[in-house]
Every structure is written in structure tokens, then in C-alpha cells.
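This report refers to the structure that appears directly beneath it.
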Amino acid sequence: MICFDVVNSDSVAATQRCLMLNVVHDEPPQLSFVLDGAEQLGRDPSDPSQHHAMTPLLSIGLEHKLKIIAFDPNPQDKLTIRAVPAPGAVGGPLEPPGSTIGMEESSQVNGGTQHSVVLSFAPKHDHGGYKAEHCWEVSDDCGSGCETDCPGGKHVTVACVVVVVRRCEFVVREGQQLQQVAAIYGSDWLQLWSHNQRIMHPDMQLSPADTLNIGHLYDVQPYDKPVEVAERFGMSAEGFARLNADVAVDKMGSEVCTTVTNCQGVQWCVLPNSCTGKSGSIYQKGFEDQGWYASATDGSAPSAMPPANPPAK
């Protein structure tokens, strides 16, 4: 506390006035995220005890906005936000592919400085299954009044989010029809219609923001290889990778998990083609002696069996 008074030449003193100085620790800035208006926190990658507190589930065909907000209780600090590599990441984009960054904004909030920027991301048709951790850091400048020294210390805070794009779902845009969406995935309206039972007629007008199933979710089993699953369902390697952004065409010959535990929750999106798919399965041997199985056809190798009811001679 510092007190002052003033005395004139007649030795008359004014009422004393005091000033309380409270020097507080210069806290580091904080980072938070707001996705499409719903606030959730990210995680500090330097703290292994923290889990991913935010896993945005995004949809193909919709534009999502992730607001990155930095706050510093020191109103003199000027904040800077930038994307940084995720812990352990090797290469890859710092931000979701095709995303854009808007203008940065600063304001005084609750006695401190708030700085924010908005990232816009509209997942494309081949982003289904995309999953990646993206991190940002905020740094302060030790106070705008500092020139050569840094009495408050310079702080850097990093927070991350795991961005996930839903598989097998496509949000319709204005004017899109069933056949048009099917063409995007190298398919036809028959296949897409069979995956969307709520659509009562294939020529029904689709409404913007309607969600279409563009395939079927497949639970990955131990030792499953993408190339073999794609072949079984009559899909090309390119068509399979188009529905599963986390599967590269040149790596489809490798297993992604080898135990039931490791395969738990692992899924792929498949768009079966009954004309080119295979009817055989791992249970085929057990069915060979059953009459009904003899009529099963294999699109990849058309059956040469005679029709069930041959014409009378």
C-alpha cells in the first residue's frame, strides 16, 4: 500500500489517500474451442493425464466452423494463434485438408485479452473416415509496454482436438438428386436407394440437409485386409479408398488389426455391388452339402448351374 498527502505553506494537510498495489503472477494464456456454436475444451498435449476432451464428428457436405479462442487475464498481453504439428505427427497438414482461416479478432473480456480466429471446414466426398489430431498454440508478448525486457515472461499454450468425419453419411446440398450422389461414388441410384429405406421413391425430391447413407458400415475383423474386403463386396480399390479416407490405395494389402481387442470399434464403409461381389464366405464349407446353397450365385464368377425350374421337354 502506498499513501500520499499534501501540505500547504500554512501546514494544513489534505486528507490522505492510499493506493493498494496488488502484483499477481502473469498467468499463461488459455485455449478453448467452439464448434458450430457449442463450446467444448481441447486438451493439453503436454499433460498425458488428459484425454481428448473434444472429438468433433463432422459430416460430408456440411460446412463446420471451429472457433479457436485464446484468453489471457493480462490485458496488456497481445496474443498470437498459429497451427502447430500434433505430438508424434510425421508430416501431414497442420489443419484439416481444404479448410480456411478467417480474420482474427481481439477484444477485452472480463478484464483480460481475448483473441480468436475461425477455421471453416467442409468435408468433401472422399473425407469419410478422416481422423486426425490438430493442434494450435497461443503465445503472448510479455505485455505491450515491454521493449527490451520481459518482466512477465513469455508463455506458450498448446491445445489439440481430434477431428473425425463420419463414414457412410452424405449431407445433401441444394439441387442434388439420388443419381447425382451415386455418380460421385461410382455407383447407381439402385444401390443408394437400397441403403436409404426412408426414401419411399427413387425420384423423390431430396431436401437440402437430408442425410443419405452412401454405404454400409462394416466391422473389421482380425487379419482383414482392405483389398480383400473390397474384392468380396465387388468394389475397386479406388472406390473403397474414396469411402475410407484413412485407407490408402497403396496400403490396402496390409491388416489394420490382428486381435479382437485391437479391432474393437474399427469400421470401414463399403458400398456392395451384387453384380461383381462374391457370395462365398468363411462359412462356405459348412454350407456345401445344403441344397439351398447350391443356388447361390457369385457375381465375380457367374454360376453355370442350370435354372432351378428347367423348361419341360
* To do: Could you tell me the accessible area of Thr80 in Å² (1.4 Å probe, neighbours in place), rounded to the nearest ten?
  => 70
* Find the relative contact order for segment 130-257 and round it to a whole percent, using C-alpha pairs within less than 8 Å whose residues are 6+ positions apart. => 23
* Considering only protein heavy atoms, what is the solvent-accessible area of Ser106 at a probe of 1.4 Å, reported in Å² to the nearest 10? -> 80
* Asked: In terms of Cα to Cα distance under 21 Å, which lysines are near enough to Lys278, apart from those fewer than 8 places away along the same chain?
  -> Lys225
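The values are calculated or read from the model by the stated rules, or taken from the named source; none is laboratory data. Computed from a predicted model, the values in this text were never measured in an experiment. Keep in mind that these areas ignore ligands, DNA and RNA; they rest on the heavy atoms of the full protein, side chains included. Shrake-Rupley method; radii C 1.70, N 1.55, O 1.52, S 1.80 Å.
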